[in-house]
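A.B. asks: Sharing a structure below in C-alpha cells format, with a few things to ask.
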Amino acid sequence: MRSWIGLLAAVAVLALALGARAQRGAAPSKSIPANAQESSSKQDKIKIFSVKQGEVIMVDRVKKSDEEWKSVLTPQQFEVTRRGGTERAFTGKYWDHHERGIYRCIGCGTDLFASDTKFESGTGWPSFWKPVAPENLLERDESSPFGMVKELRCKRCEAHLGHVFDDGPKPTGLRYCINSASLAFDPAEQ
Ligand SMILES: [Zn+2]
C-alpha cells in the first residue's frame, strides 16, 4: 500500500514538472524508449539457413549506403541488386552454367540456390525450382505490365534477385528466375 502511495506521489511530481515545462513553452522532447537501441539491434538479427553448417543460424542484417554498395559491386550488379534492374537474357554469367555448387547472394554471401535444383528454362536467366531455404528469401507482390508478379529479394541484404513464377517443373511447379548479376557461384568441394 505504501509503495502505491509513493508511486502516485512520484507521478504527481512528474505531472507537475511536465506542466511547468509546458507552461514555459519548452519544446517537447522526443520520447525515446530506453530499450529502443536494444530492440532495434535485436531486429537486426535474422535467421537464415547455412548449407555449410547444415542448419539455421543467426546473422546480422547487412545494410550499406548506395556509396558503399557501389564500392563493392560492379555497376551492373548495383543496378540489378539495389535498383531492381534486370540483365538482358542470355548475357549473364550463369544462365548456361552447369557446375556443381551453391549460388550465393552477391551482396552478402547468403546461400540462395543449389546447382541440383537448376534447370533449363529456355529464358536466358538462371532458373531454379527451389531455393536453398525459404527463410533466406523475401517475396513481395509487384505489379508489372503482365499483372501481379512475385519479386524475390535476399533476406539478409535485401538485394533484388529476380522473380518467382508458378510455371516451373515438378516437384514444386515453381520457377525462380534469377539475375546472374545477383549471384556468386561457389563450386562444391570434390
Ligand atoms: Zn544478400
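A.B. asks: What ranking of Cys105, Cys157 emerges when the number of other C-beta atoms within 10 Å of each C-beta is taken as an exposure proxy, fewest first?
C.D. replies: Cys157, Cys105
A.B. asks: Let me ask something additional. Once you put a point 7 Å from the Cα of Asp141 and another 7 Å from the Cα of Val56, both along the Cβ direction, what distance in nm separates them?
C.D. replies: 2.6
A.B. asks: OK, next. Give, in nm to one decimal, the length gained when the segment between Glu189 and Met148 is fully stretched (0.36 nm per residue of separation minus the Cα-Cα distance). Could you put the intermediate results ahead of the total?
C.D. replies: Details: separation 41, 0.36 × 41 = 14.76 nm, distance 3.96 nm.
Gain on stretching Glu189 to Met148: 10.8 nm.
A.B. asks: What nm value, rounded to one decimal, do you get for the distance between Lys64 and Thr91 when each label is placed 7 Å out toward the C-beta?
C.D. replies: Those two pseudo-labels are separated by 2.2 nm.
A.B. asks: Which whole-number percent is the relative contact order of the range 58-190 (Cα, under 8 Å, 6+ apart)? Could you put the intermediate results ahead of the total?
C.D. replies: Working: 266 pairs, mean separation 37.4, N = 133.
Relative contact order comes out at 28 percent.
A.B. asks: Same structure again: Could you please rank Phe128, Phe78, placing first whichever residue has the fewest other Cβ atoms within 10 Å of its Cβ? Mind dumping the intermediate values first?
C.D. replies: Numbers: Phe128 25, Phe78 20.
With the fewest neighbours first, Phe128, Phe78 line up as Phe78, Phe128.
Throughout, read-outs are computed from the coordinates displayed, never taken from laboratory work. Please read these numbers as outputs of a predicted model, since none were measured by experiment. FYI the Cβ positions are ideal-geometry reconstructions off the backbone, even for glycines, and counts take in every protein chain you see.
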